[in-house]
Each structure stands twice: as structure tokens, then as C-alpha cells.
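First comes the structure, then the notes that go with it.
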Amino acid sequence: MHDLRNPSGLFFVLLGLILTAMSFTGATAPLLEMNLNLYTGLFMLAFGGTLLWLAKRAS
Amino acid sequence: MNLAFVDYAILALYFLFVLGIGWFARKRIKTSSDFLTSGHSIPTWITSLAFLAANLGAQEVIGMCASGAKYGIMTAHFYWIGAVPAMIFVGVFMMPFYYGSRARSVPEYLKLRFDEKTRGLNAITFAAMTVFSSGISMYALGRLFELVLGWSFTSSVILSALIVLAYTYLGGLTSAIYNEVLQFFLIVIGFAPLAIAATIKAGGWQGISSRLDANLTHSWRYAGDATQNPMGVEMFGLVAGLGFVLSFGYWCTDFLVVQRAMAANSMAAARRTPLIAAFPKMIMPFIVILPGIAALALTKVAGSGYALPMKGAGYDYDAALTTLMAQFYPAGLLGVGLTALMASFMSGMAGNVTAFNTVFTYDIYQSYIRKDAPDEHYLAVGRWTTVVGIALSIATAYVAQLYNNIMDLLQLVFGFVNAPLFATFLLGMFWKRATGHGAFWGLLAGSAAAWATHGLSVAEGKGAYFGGPLYSFPSTMAQNFWIAIFAWTVCMAVSVTVSLATAPKRDEELRGLVYGLTDMPHDPAPWYQRPGPLGIIVLVALLGLNLLFW
């Protein structure tokens, strides 16, 4: 079976890109006082990237 | 709640990935064992997260947030005493028997240890419970998406069912497990921002504590008196009912979670699975419960901009999670949150379906309908059982629409079945004198005791259908805990009595199945990876958390 870290990592990298892009559109919510899309997007990019790096290292 | 195009795109991306994982997993399916048990080949880190995610259904995610708003930090007991100690126990003490016996399922272990009738009783009750549970999960998903997004009930149910069917039909247990790991990551990352944002808005834990009654922000201080704490339970009921019987009854015997550990690639990995899972399990209250507590605190603050919606004269606690998401999640993250909610429903459904098809194929079909068929036949049966299981779940979801208390019924059924089962396993694994007759009649007596307790007592207007009531509990939670205590106690007493009056199996038949006749495995891993020390590390961390929120 393929290393699960590959599809998982790719999924979160893609999500991270989407949220980071959305953070520049000014999307907000009624009670939100921070750019949550940006912080979460960057975290997802880092998380997904880490998974991909771990998978590459293992292979 | 209005979704933007990007939110739908995120949902579609998720569906693409879960189907893709199922597609790739199908390539390794050659035998029924590959399909139904993953051929005992999964690495520890995957089985650990799947062990956790299979239990992390949306009813838990939504329900725990709701309970956080209603009961405060005491809700964390469902994790800190209601899960982690049992997870340590099953990893350290029970997994050598489950994995070492080479049983393909929990009912099969009962057959090896006791006899066929005990296996049959457990297999049939478990199969029925998993289908109902999967169906109730679909019903809850359909209702939620209907209320929150305006999607039709049928669309939500059929869409989720078809996606789960596709990836479990293709890749079997491996696909379900791999997707559960993805779903776990998504659930944590999808809801953690909500917990952070809501808590910051409420002024952090200090701000929350200053706005709520003290019994909502202390987990043990008010647990000694049922009239003092919001759960309406007293210490013995909490510790013995939840912390011992219900907790161990679920985490140590429910094949849905045990199956994930049994799919591991070695005995050491199987033992480490629940122990490693215990670490994120301890942290989950901060993801799923804390938002609910913050929601209540924000409701108490005039001008915060947020208030829990009302339902009759009280709060609609079940709406806490979705209303928080609507207030704190912008487009993009809203799609992630809803996808995480969908993922939590689907992980619960897939977990139940894969457990169902393993038990049905091996413990019911192969045992009673057609023995000694070629393995290809059982592989085909496993696949078709997946289809039937999903179909029955859909049917259950529609039936559930006709009753307004079906979730309560499901919780009761779990209590009736799992509580006595734990007594049976304790005796079976640690007392070689326990017999098949004792196990079988003990299980039936325990379930009957649970039913009698419910029928003769009342709590919040529920129960007391046998007359009386003989006792009135301050809450349904207290009633459920005591039902479990009585069920376990009666099962234990009857099992011991009948066992002593019947002939046990010879020692040679029990090797590898019971303590004292089994060589406990030696783990060559470093000390901090061995089950015993790992369990102690988990316990120390758990103690720290309990003291922190005393």
C-alpha cells in the first residue's frame, strides 16, 4: 500500500493553499477578530509539507 | 448558514481524496483476510489514529460540544476517566489475548475461549448494534445538514452512504482505516481554530471561569454530590459506572475499535495502538468540549455578539457547534469545518460498516450458513455484506425519522450489551475456571438486569415501564451509569456461579487465551515504547490534566 502520508500531505497542502489564498480576499465572519484563514492555511501548508517530507524520507 | 463556492470545492476535494485512497487500497485486496482484517499489516501510527477516529463520529463531535455547554468541563470525564484508563488496560493486558489468539474478531475470541453459543450471541447483538449505529449516524447527518444548510435529508444520506460504500467496497478495512486517519487530521485541524477563536473571544480560560458557575469549570470538585454538579451524578456512579463499566465495556470489548488494533502488523504494534491513541484522546476535550464551554460563557456576556439559541425554555445545546462555526468561520474555513463534520460522520459510518461485515462474514455466515467454502467466496460475501450493511443503515436512518428518541434508545442498547460483556471478558481472560455456560447465561442475565433497572427506575421522565418507579435518578446520565453497574455486577455474579457449577475447558484448550496459560510477549523495543512504561507515562499525563482542572 502506498504511504498514507503522501495523499494526506497532498490534501493538506492543497487545503492550505486554498485557505491562504482566501485569506487575501477579505473573507471574514461576524465575530472573527483575526485572519483565521491565513493562520490555519499556513498551518495546513506546514503540516502537509511535513507529512510529504516524512513520506519522502521513508521511501 | 450560507456556503460559498470555495466551501463546496473543499468538500468535493475531500470526497476525491477518500475515493482515491479507496481506489489505491483495492490493489492489495487478494483474500478475504486482506479485505476484512487488512491481513494484520497496518503500521502502528495508522492503527492508533484509526483506533481513535473510528469512535470520533459526528454525534460525539456535536454531542460533546453540546455537553460542554450544558455540563462544563465535567464533560471531559468521558475522555479522562471514560476512555483513557480503559485504553491503557486493553493495550497492556488484553491485546496479548486478542492478537495472540489469532482470532479474526471479538466474537471469534469468545468462541475460542468459551463456546459457539457465546460467540453467536455476541456476533448477533454486535452486528445489529453496528447497523443501527451507522443508520443513526446517517440520520443525524441528514437532519443536521437539512437544518443548517437546507440540503434535503435524502441527498445528505444517499451522498454520504455512496461515498462510504465506494471506498469500503473497493478497499475494505484498509481503506476504512486509512481514511479514518485522514478524517482524524481533518477533524482536529478543522475544529481546533474554532476552539481557539471562541476561547479567546470569551477571555481565555480565566475569562470563562469568571463568567460561569464554579461547578462548570471544575471537573472533580463538585463530583461528590449529585445535587452540586450539573451532570446530576455522584462520585461512585461516575467512577464505577462511567470510569469502569461503560468505559472498559466499550474500549476493551467493542469490535469497532478493537478491530483497528487487531489490524496492526505485529503484537507489539497492536499493544501500542491504544496506548499511543491515548495521547491525542486526552487532548480531544480541548478540541470538542472547550468550544461548547466558551459558547456558554459568551452567552453570559452581554454584547458579546453570540448567544446559544433557545429551545423551549432552555438552550438548544446541540446547536452550539454549528452556530459557533457560523459566527467565527469565514468562507474557506467554513468549508473545512463542514467537511470535518462530514468526515466525522463518515468515519463513524465506515467504522461500523467494516466491523459489521467482518463479524457477519466470519462469525455468522461462515459459522452458521456456509462453512468450508473457498476463500474467494468469503471475499465476495464480505463485499456484498458491505452493500447490504450500507443499505440497512440507510433504511435505519429513515426509520429513525419516525421516532424522536431513537438516539436515547441506541445509548441504552449499548449499555445493555457492552456493560455485561466486559464482565464476561474479564472472567474469560483472567480466570481459567470461567466456562461457556457461565459466559452465555451471565451475558443474558446482565442484559436482563440492565433492562430491569431501566424499567423499574425513572430519570427525567424516562424509564419506569415495569411499574413503580422504585427509584428516581436525578439525571438520565446517572441512570445510565447505574444501569451499567447493575448489568456488570449481575453478569459477573451469574457467570461465576454458573461457571463453578459447570465443567471448564482443559488447560491445553485455553493456551494463548487466558492469563496464566499464555506466555506474555516480550517486547524488544526501548523501554519508553513498551506497553507497561508507556501506560504509566499516559497515566501520569492523565493525572496532571485531572489536577489541572480539579
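Since every read-out is calculated from the coordinates, none of them should be taken as a lab result. Not measured: the values here are computed from a predicted model. Note: ideal-geometry Cβ built from the backbone for every residue, glycine included; neighbour counts use all protein chains shown.
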When the helices in the protein assembly as shown are scored as -39500 (n - 2.57) per DSSP H run of 4 or longer and the sum is shared across all residues, what 222 nm value do you end up with, to the nearest 500 deg cm²/dmol?
-22500 deg cm²/dmol
In Å, the C-alpha Rg and Dmax of the stretch B:368-431 are 17.6, 45
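Return an integer: the convex hull volume of the alpha-carbon atoms of the stretch B:1-127, in Å³ per residue.
On the way: hull volume 23.0 nm³, N = 127.
Dividing the Cα hull volume of the stretch B:1-127 by its residues yields 181 Å³.
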Cut-off is 10 Å between beta-carbons; in what order do B:His218, B:His454 appear when sorted fewest neighbours first?
B:His218, B:His454
For chain A, I need the span (max minus min coordinate) of the C-alpha atoms along each principal axis, in Å, sorted largest to smallest.
45, 16, 13
For A:Asn35 paired with B:Ala12, estimate the spin-label separation in nm (one decimal), with each label point 7 Å from Cα along the Cα-to-Cβ line.
2.7 nm
In square nanometres and to one decimal, what's the mean projected area of the convex hull around the Cα atoms of the stretch B:403-519?
8.5 nm²
Using all Cα-Cα distances in chain B, what percent lands in each 20 angstrom bin from 0 up to the longest?
22, 58, 20, 1
Chain B: antiparallel DSSP beta bridges as a percent of all, rounded to 5
50 percent
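When all alpha-carbon pairs of the protein assembly as shown are counted, what percent fall beyond 46 Å?
Numbers: 21372 of 185136 pairs.
Tail of P(r) above 46 Å: 12 percent of Cα pairs.
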Relative contact order for chain B: what percent, with Cα pairs under 8 Å and sequence separation of 6 or more?
28 percent
Given points 7 Å out from each Cα along the Cα-Cβ axis, report the B:Thr497 to B:Glu460 separation in nanometres with one decimal.
3.4 nm
From the phi angles alone, apply the Karplus equation (6.51, -1.76, 1.60; θ = phi - 60°) to the stretch B:177-188 and give each ³J(HN,Hα) in whole Hz, x where the residue is Gly or Pro.
5, 4, 5, 5, 5, 4, 5, 4, 4, 5, 5, 5
When the Karplus curve 6.51 cos²θ - 1.76 cosθ + 1.60 is applied with θ = phi - 60°, which whole-Hz ³J(HN,Hα) does each residue of the stretch B:12-25 get, with x for Gly and Pro?
5, 4, 4, 4, 4, 5, 5, 5, x, 5, x, 4, 6, 5
Separation of alpha-carbon centers, the stretch B:133-154 and the stretch B:367-400, rounded to whole Å
24 Å
Most packed first (mean Cβ within 10 Å per residue), the peptides B:15-21, B:500-506, B:345-351 order as B:345-351, B:15-21, B:500-506
List the equivalent ellipsoid semi-axes of the stretch B:224-263 in whole Å, largest first, each obtained as the square root of 5λ for an eigenvalue λ of the Cα gyration tensor.
30, 8, 5
Footprinting exposure proxy for B:Leu321, B:Leu170 (fewest neighbouring C-beta atoms within 10 Å first):
B:Leu170, B:Leu321
With θ set to phi - 60°, apply the Karplus curve 6.51 cos²θ - 1.76 cosθ + 1.60 along the stretch A:21-33 and write out the HN-Hα couplings as whole Hz, x wherever there is a Gly or Pro.
4, 5, 5, 8, 8, x, 4, 8, 9, x, 10, 7, 10
Scaled radius of gyration (Cα, divided by 2.2 N^0.38 Å) that the stretch B:336-408 gives:
1.38
Can you give the Rg to Rh ratio for the stretch B:414-469, taking only C-alpha atoms and Rh from Kirkwood?
1.13
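Only counting other Cβ atoms within 10 Å, I'd like B:Ile158, B:Ile10 sorted with the fewest neighbours first. Mind dumping the intermediate values first?
Values: B:Ile158 15, B:Ile10 27.
Going from sparsest to densest Cβ surroundings: B:Ile158, B:Ile10.
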For B:Ala54, net neighbour charge (Lys/Arg +1, Asp/Glu -1) across residues whose Cβ lies under 9 Å away:
0
So what is log10(I(q)/I(0)) for the stretch B:182-293 at q = 0.18 1/Å, when the Debye sum runs over its Cα atoms only?
-1.10
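Out of the DSSP beta bridges found with both residues in the protein assembly as shown, what percent are antiparallel (nearest 5)? Please report the intermediate quantities before stating the final value.
On the way: 4 of 8 bridges.
Beta bridges within the protein assembly as shown, antiparallel portion: roughly 50 percent.
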Can you compute the radius of gyration and Dmax for the stretch B:474-531, using only the Cα atoms, both in Å?
18.9, 51
Distance violations [Cα-Cα > 23 Å] among B:Lys111/B:Lys432; B:Lys30/B:Lys371; B:Lys117/B:Lys371; B:Lys70/B:Lys300; B:Lys281/B:Lys432:
B:Lys281/B:Lys432
